[in-house]
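First comes the structure, then the notes that go with it.
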Amino acid sequence: MDYLLIDEGLVRIKIPQYEKVSSKAPVFYNPAMELNRDLSVAAITAYRQRIDEDIAICDAFTGSGIRGIRYSKEIEGVSMAVVNDLNPLAVELARDNIANNGLDNVHVCREDANLLLRKCRGKFDVVDIDPFGTPAPYVESAASSLKAGGLICVTATDTSALCGTYKKPCIRKYGAKPLRNEYCHETGIRILAGFLCRTFSKYKKYLDFQFSHSTEHYMRLYALVGKGAKNTDRSLESLGYIAYCPKCLNRQVFRGLTPRIPIKCPECGETWDVGGPLWSGKIQDSDFIGSMLNNVPDLNLNTENKVLKLLEKCYEESDAPPSFYDLHTICRKLKTSAPPLNSTIELIKEGGYQVYRTHFNPNGVKTDAPLPYIEKIILKVNRDSNKTEKSIIKKRTL
Ligand SMILES: C[S@@+](CC[C@H](N)C(=O)[O-])C[C@H]1O[C@@H](n2cnc3c(N)ncnc32)[C@H](O)[C@@H]1O
Ligand SMILES: [Zn+2]
């Protein structure tokens, strides 16, 4: 077999040469996930600083070993990392990669991730779940194994299910109905977050989401684990549903597991499309993301610029309400052109409303302003910019 050498962070990793990134490759490695791994290094560094104790990490789906090896080499205070994979070739390669990077605190395991996590109950501070497709079959083992104060990091690449392209797989895997609309990536991440909370709650454990992002073909969540029946019950109150009107774009969050959701949109009488149950609480924590941002310059991340850009956006939207308005979708409904984003945001703010941009969509605004007000502002911005254009043309022709 021919091999390639990959430099990420502070490590050099050997991987089998590949033609196309595929789950059929002898050992899986996806260069497009370097951003995900860089962000993970920044997130676990922030977590380690916060708890101020040495940590043990389980990279339960390791492939080439790259995550566990990077965590051990790049994060201060990692007492031990376990890298695990079912694929015997991956395990062999991970062993080589650990030796070649001169590490003696990274242990290799070849086990089904569920069995490993169940066996190692209470051993790990951080569990990283990065499987092919859905993480759903592995969340319960992570829930049983993680101790209070631990950190769970989860990737999902089955975005077509979470975002509602295929509704039935989402219902099967996550017990939730997705929405197929302009903010379906946020709904998808919230469905995943809700699923994690419901699964952890069986063990009287609750989650405090620190950082969440939807990037390209995947979603990733980082959450602190807490323990106790009372707090778990309280956290479940943040489960809920989002009702969406496909005709007028109105939406509303209904909190609770069995809220009374009217059948029809109160604005236009169209039947609501309802997504959930999902997590309607916070999915970003500004302190945690702030600490990640502070650490980035000291880490050795090839994707540093992208990491900073994404973290800044997530930091900015950390107090924003669920769901967002896509200005382009509103403009299609109004049959008007898209207004400049900045002036629209400024005018909504002048109305006394909160407005945030969102990493989910460059044309998205999260706001507590009602939709009719946003529409009025869009039309005003367009009228004003048309007037300016006309007066420029007039001046030119004079
Ligand atoms: C998406 S890849 C992991 C990529 C790796 N974390 C990285 O950042 O490069 C998923 C890995 O999980 C392994 N795998 C699949 N099912 C598994 C299971 N039940 N238990 C443990 N490993 C499994 C596959 O062999 C594959 O290497
Ligand atoms: Zn409506």
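Taking 20 °C and 1.002 mPa s as conditions, segment 129-267 diffuses translationally at an estimated 138 µm²/s according to Stokes-Einstein applied to its Kirkwood radius (Cα pairs). Computed from Cα atoms alone, the Kirkwood hydrodynamic radius reported for segment 222-322 is 16.4 Å. Largest first, the three principal axis extents of the alpha carbons in segment 1-125 are 43, 30, 24 Å in whole numbers. Taking 7 Å steps out from each Cα toward its Cβ at K20 and D52 produces label points 5.3 nm apart. Taken over the alpha carbons of segment 288-398 as equal point scatterers, the Debye sum produces base-10 log I(q)/I(0) values at 0.14 Å⁻¹ of -0.68. Kirkwood radius, segment 88-169, all distinct C-alpha pairs, inverse of mean reciprocal distance: 14.6 Å. Taking every alpha-carbon pair under 8 Å whose residues sit at least 6 apart, the chain reaches a relative contact order of 12 percent. Which of K123/K173; K366/K387; K247/K335; K147/K230; K24/K173; K147/K202 have a Cα-Cα distance over 19 Å? Beyond 19 Å between Cα atoms: K123/K173; K366/K387; K24/K173.
With contacts taken as Cα pairs under 8 Å and at least 6 residues apart, segment 326-397 reaches a relative contact order of 33 percent. With contacts taken as Cα pairs under 8 Å and at least 6 residues apart, segment 1-97 reaches a relative contact order of 28 percent. Given their separation in residues at 0.36 nm each and the Cα-Cα distance between them, I171 and L341 gain 57.7 nm when the chain is fully extended. When the Gaussian network model of the chain links Cα atoms closer than 10 Å, the mean-square fluctuations of A193, A148, A32 top out at A32.
A Gaussian network model of the chain, with springs between Cα atoms under 10 Å, assigns the largest mean-square fluctuation among N181, N386, N114 to N386.
How much length would be gained if the chain were fully extended between L379 and D319, taking 0.36 nm per residue of separation minus their Cα-Cα distance, in nm to one decimal?
Numbers: separation 60, 0.36 × 60 = 21.60 nm, distance 2.73 nm.
Gain in length upon complete extension: 18.9 nm.
With unit charges on the beta carbon (Lys/Arg positive, Asp/Glu negative), name the residue among N105, G77, I263 whose Cα is farthest towards the positive pole of the charge dipole of the chain. The residue sitting most towards the positive pole is I263.
May I ask you to sort V78, V108, V21 by Cβ crowding, counting other Cβ atoms within 10 Å and putting the fewest first?
In order of increasing Cβ crowding within 10 Å: V21, V108, V78.
Rounded to the nearest 5, the antiparallel percentage of DSSP beta bridges internal to the chain is 70%. Evaluated at q = 0.06, 0.08, 0.10, 0.11 Å⁻¹, a Debye calculation over the C-alpha positions of the chain (equal weights, vacuum) places log10 I(q)/I(0) at -0.27, -0.46, -0.70, -0.82.
Any read-out appearing in this document is the output of simple, stated calculations on the displayed coordinates, not a laboratory observation. Model, not experiment: these values are computed from the prediction. Ideal geometry is used to build each Cβ from the backbone, glycine not excepted, and the neighbour counts take in all protein chains shown.
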